[in-house]
Amino acid sequence: MAGMKTIIEPFKIKSVEPIRVTTREERVGLLAEAGYNPFLLKADDVIIDLLTDSGTSAMSAKQWACIMDGDESYAGSRSFYRFESKVREITGFRNIIPTHQGRAAEHILFSLLGGAGKHFASNTHFDTTRANIEVSGAEAHDFLTAEGKRPEFRAPFKGNIDLPAFKRFVDEVGAENIPLCLMTVTNNSGGGQPVSMANIRETSVFCRSRGIPFFIDACRFAENSWFIKTREEGYADRSVLSIAQELFSYADGATMSAKKDALVNIGGFLAINDDALAMTARNSLIVTEGFPTYGGLAGRDLEAMAQGLEEILDEDYLRYRVRTAEYLGERIVAMGVPIIEPPGGHAVYIDAKRFVPDIPAGQFPAQAVSCALYLEGGVRTVEIGSVMFGKRDAEGRHIAPPMELVRMALPRRVYTQSHIDYVIEVVEEVWKRRAELKGLRFTYEAPVLRHFTARFEPLR
Ligand code: F0G
């Protein structure tokens, strides 16, 4: 495609799913019924679903063929060996343990290594990762580089770990109390921003010098490898596969939600070099997930994952993929819409603090923008701000997290450019009428993970 300006979707469509088009009037009622919480909408009432890129990928014809071809043997399935050899080719890890999704791998790993008095470190822990660490009794600490905390600031690798801060922390609590450092690539909670190879290498060298195992949260490893190829000096001529191989070579293991960069609707794995740790992990897997050659999945799922891991490293795909988020970002930035810049690999994050500066954090500005996007055009997004991460002090006053974001996550290979153009128009309409947006207040709030089930009413 060299020379052409338009980066096309490098696939054609063989099977389609109809979209039910609702009217604004219908959506007024549907949103009220859902308690102004897009999580509670029926997917059939959504026109463009940007809630998540997780498990929402379109599988290829070859992957669907794998579904038929999967070997459903309880033990020693051929599909497991194909999956294992594909993961090993990319990551080089010794022990590959399939799980039904990312958090199952996290649960096994952190229940083995966690416990009271232990501290885990990361550029940013994803919420399920943090939850699995905290459930074990241990503490999770994020050391995101300072530039990663400034939404409007453009830098190539805003997902990096702040290595000096991490080093100080190791001196403070003692390396013996840190069972693991986990690098999340790309950094989902920090705006889908990539981590540089230099940062990964230096963190690995430091961890090894202090005897701290270094792991990768590999959900979006291919997107991160593409950013390294296009943004980091010395990688332009390398294949994405060889970049991914180098990235994993610095680590002692990985957790992976295959629902992202393995292009499947369900699946994941835990990879570990240490044979003794892998043995205890497999024993735990047998209790919670299944036998080590299927681990909570069907043989067909393992087969589809192996195929997906092959397809994700296609550079025409990755160029189109990253360009999609960039295109959406560029177009709305040109209207003046504030986002986390530059756009990440899998999503564009609207900065609601600057979008609706008059709505205070306690009235959930990002939730208000997310609701408006649904009302305006049936576009479903997710709030990542005070609803998801807000806390209360002893007097019940709202304590806001540092950012109020609306994530527009892009499912893989699902929407075409005209769908994205439609989303851009919807954002434009909401942006024009931003002064009319009102905050919200809770009418129901669950004690934990309240964002999933909360109900609201709009403030007048
Ligand atoms: N790590 C990261 C960085 C993630 O983004 C996710 C999931 C997980 C771990 C957990 O994986 O869902 O397979 O158990 N992120 C999804 C999202 C849910 O919408 O960003 P899982």
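The values are calculated or read from the model by the stated rules, or taken from the named source; none is laboratory data. Computed from a prediction, not measured in an experiment: that's the story for all the values here. Here the Cβ is made from the backbone with ideal geometry for all residues, glycine too, and neighbour counts use every protein chain on show. Accessible surface areas use protein heavy atoms only, side chains included; no ligands, DNA or RNA. Shrake-Rupley method; radii C 1.70, N 1.55, O 1.52, S 1.80 Å.
To the nearest 0.05, how large is the calculated FRET efficiency for ARG154 and LYS432 if R₀ is 22 Å and r is the Cβ-Cβ distance?
It comes out at approximately 0.30.
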Could you report the accessible area of ASP274 in Å², rounded to 10, computed with a 1.4 Å probe on the protein chains as they sit in the structure? 80 Å²
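Which longest uninterrupted range of the chain lacks any chymotrypsin sites (Phe, Trp or Tyr not before Pro) assigned by DSSP to a loop state (not H, G, I, E or B) and surrounded by at most 14 other Cβ atoms within 10 Å? Please report the intermediate quantities before stating the final value.
Numbers: sites that count: TYR74, PHE153.
Counting at most 14 other Cβ atoms within 10 Å as exposed, the longest clean stretch of the chain is 154-460.
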Enumerate the amide H contacts of THR184 below 5 Å, restricted to partners 5 or more residues apart or on another chain; note that Pro and chain-start residues carry no placed amide H. ASN123, THR124, ASP217
Karplus couplings for the range 413-423 from phi (6.51 cos²θ - 1.76 cosθ + 1.60, θ = phi - 60°), rounded to Hz, Gly and Pro as x? 6, 9, 10, 9, 4, 5, 5, 5, 4, 4, 4
From phi via Karplus (6.51, -1.76, 1.60), per-residue ³J(HN,Hα) for the range 194-209 in Hz, x at Gly/Pro: x, 10, 7, 4, 4, 5, 5, 5, 5, 5, 5, 4, 4, 4, 5, 5
Could you please put THR416, THR280, THR91 in sequence from largest to smallest accessible area, using a 1.4 Å probe? THR280, THR416, THR91
Tell me the relative contact order for the range 61-311 as a rounded percent, counting alpha carbon contacts under 8 Å between residues six or more apart. 32 percent
Distant-in-sequence amide H partners of ARG441 (H built 1.01 Å from N, under 5 Å): GLU457, LEU459
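How compact is the chain by the rule of thumb for globular proteins, expressed as Cα Rg over 2.2 N^0.38 Å?
Working: Rg = 21.7 Å, N = 460, 2.2 N^0.38 = 22.6 Å.
Normalised by 2.2 N^0.38 Å, the Cα Rg of the chain equals 0.96.
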What does the extension gain come out to for GLU202 and ARG441, with contour length at 0.36 nm per residue minus their alpha carbon separation? 81.5 nm
Which of the lysines could be linked to LYS86 by a straight reach, that is with a Cα gap under 25 Å, when you skip same-chain ones fewer than 8 residues away? LYS62, LYS229, LYS259, LYS260
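Evaluate the charge dipole of the chain about its Cα centre and quote only its size in Debye, nearest 20, assuming +1 on the Cβ of each Lys and Arg and -1 on the Cβ of each Asp and Glu. Before the final figure, lay out the partial values.
Numbers: 54 positive and 61 negative charges, 81 e Å.
Using only the charged Cβ atoms, the result is roughly 400 debye.
What is the percent carbon and sulfur in the accessible area of the range 61-311, measuring with a 1.4 Å probe over the protein chains and ignoring ligands? Write out the running numbers ahead of the final one.
Details: 4870 of 9200 Å².
Percent of accessible area from carbon and sulfur atoms in the range 61-311: 53.
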What residues have an amide H closer than 5 Å to that of ILE384, excluding those fewer than 5 places away on the same chain, when H is modeled at 1.01 Å from N in the peptide plane? LEU405, VAL406, ARG407
Segment GLU33-ARG210, extension gain: residue separation times 0.36 nm, minus the distance between their alpha carbons: 58.3 nm
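Kindly report the accessible area of the range 61-311 per residue (heavy atoms of protein chains, probe 1.4 Å, no ligands, DNA or RNA), in Å².
Numbers: 9200 Å² over 251 residues.
Ligands and nucleic acids excluded, the result is 37 Å² per residue.
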Please report the antiparallel percentage of the DSSP beta bridges confined to the range 61-311, to the nearest 5. 45 percent
